[in-house]
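Participant: For reference, the structure I am asking about is given below.
Computed from the coordinates by the stated procedures, all read-outs in this text should not be read as laboratory data. A quick note: this is a predicted structure, and the numbers were derived from the prediction, not measured. All Cβ positions, glycine included, derive from the backbone under ideal geometry; neighbour counts span all protein chains shown.
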Ligand code: ATP
């Protein structure tokens, strides 16, 4: 049982109604959140949603206007950054340009007055962990972006904080290196066992890294869950659209049969059935949300699907690993469908102007409120 599902588990980090105003503007609004020891928790949201401000309040660089921050049960009110059991890794890395890699990493330990031999041992260990031992004598400007990122991570880890706060840690890396480094970061976090809170605006990064994700919008945490929960059971249109893409089809509830809700969708020209616990009475306005990869598409209908509509292919985009189709249903709805390119041959690919059958099961979609 993961700690967040265990009612006995004590949170390691507790945010209790935390807000931050700048002048009259509320950048963070009433965030209440528990994070558990050993988690790699991502704060995910678009530009300006308040994620950096929230992280800075954990580090002690900003003072909350309201609410409390507790780390390991202790209220952090009034504590300066260096008096907290936290360390922060900045997007800019903030390495000292005139110091070698090992001196950069040793800096904080020296300042704390640790014995020389212990400093040397800890620096050597952490250099090995981030695979930078051969670069120990180099200066930051003699390193690649990815290597600098590892030095910054090593410097943040070497002080063995209980909580490491990372603001867009991979933001300076190009896409390819970023993707590789995500797995490395995750591996290092598991090895050191330190709780990480990571700020990112990149949904794929959040999906790759996280034990859980807190999705932010306009200063608020709008949903917290595992990557799987956030993708498969978003609670709102905002979250459904922010993580991946989704077809939202407006409709009205016509009734419930056991675990299934029936929804009349005029734009589909059909009544659909969805496996859902969503509580809505007959006549209520809702949306059927369908991920593009959950819709099966073919020239002929196949057995085993509860829902089917006919559509015409309007656009096709070949993306390599998958193909994206824009379709118009007979009822006038626009649908996006993706097909994985693992097994299909070119002859199977529906072309622009073709009519196809679109099918999905009752378990494929989810229901969102109006
Ligand atoms: P980004 O991904 O663009 O960095 P973010 O989600 O990290 O965005 P924050 O940096 O937390 O966003 O900023 C949230 C809001 O608070 C923004 O509208 C920003 O302009 C505002 N803000 C942040 N710091 C200050 C400040 N010191 N004074 C006034 N407004 C601020």
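Participant: Can you give me the angle between helix 101-111 and the longest principal axis of the chain, using Cα atoms only, in degrees from 0 to 90, rounded to the nearest 10?
Facilitator: 70
Participant: When only Cα pairs under 8 Å and 6 or more residues apart are kept, what is the percent relative contact order across the chain? If you can, show how the numbers build up before the last one.
Facilitator: Details: 760 pairs, mean separation 54.1, N = 370.
Reported relative contact order: 15 percent.
Participant: Roughly what % of Cα-Cα distances in the chain sit above 39 Å, to the whole percent? Write out the running numbers ahead of the final one.
Facilitator: Working: 21327 of 68265 pairs.
In whole percent, the long-distance tail amounts to 31.
Participant: Ok, one more. Identify which of 54, 261, 114 has the largest mean-square fluctuation in a Gaussian network model of the chain, with springs joining Cα atoms closer than 10 Å.
Facilitator: Maximum among the listed residues: 114.
Participant: A follow-up question, please. What FRET efficiency comes out for the pair residue 175/residue 254, r = Cβ-Cβ distance, R0 = 51 Å, nearest 0.05? Don't jump to the answer; show the numbers that get you there.
Facilitator: Details: r = 46 Å, r/R0 = 0.89.
Efficiency computed from Cβ-Cβ geometry: 0.65.
Participant: May I ask you to derive the relative contact order of region 247-369, considering only C-alpha pairs under 8 Å and at least 6 residues apart, and to give it as an integer percent? Each step should come with its number before you reach the end.
Facilitator: Numbers: 299 pairs, mean separation 38.7, N = 123.
Averaging sequence separation for qualifying contacts and normalising by length gives 32 percent for region 247-369.
Participant: What ranking do 51, 103 get, fewest neighbouring Cβ atoms within 10 angstrom at the top?
Facilitator: Neighbour counts put them in this order, fewest first: 103, 51.
Participant: Quick check: from the Cα gyration tensor, does region 247-369 come out rounded (a/c under 1.5), prolate or oblate? Working shown, then result.
Facilitator: Working: a/c = 2.22, a/b = 1.95, b/c = 1.14.
In terms of gyration-tensor shape, prolate.
Participant: Can you tell me the 0 to 90 degree angle between the C-alpha axis of helix 145-157 and the longest principal axis of the chain, rounded to 10?
Facilitator: For helix 145-157, the angle is close to 60 degrees.
Participant: Can you put 252, 212, 68 in order, fewest other beta carbons within 10 Å first?
Facilitator: Values: 252 17, 212 20, 68 14.
Sorted ascending by nearby Cβ count, the order is 68, 252, 212.
Participant: Taking only C-alpha pairs under 8 Å that are 6+ residues apart, what is the relative contact order of region 55-117 in percent?
Facilitator: Details: 29 pairs, mean separation 13.8, N = 63.
Once normalised by length, the contact order is 22 percent.
Participant: Same structure, new question: Taking the DSSP beta bridges in region 3-241 as the whole, what percent of them are antiparallel, to the nearest 5? Walk me through the intermediate numbers first.
Facilitator: Numbers: 19 of 37 bridges.
Bridges in region 3-241 are about 50 percent antiparallel.
Participant: What angle do you read, to the nearest 10 degrees and between 0 and 90, between the alpha-carbon axis of helix 175-192 and the longest principal axis of the chain?
Facilitator: Helix 175-192 sits roughly 60 degrees off the main axis of the chain.
Participant: Identify which of 29, 137, 155 has the largest mean-square fluctuation in a Gaussian network model of the chain, with springs joining Cα atoms closer than 10 Å.
Facilitator: 137
Participant: Order by neighbour count: 186, 176, fewest other Cβ atoms within 10 Å first, most last. Can you show the working numbers first?
Facilitator: Numbers: 186 16, 176 9.
Exposure proxy ranking, most exposed first: 176, 186.
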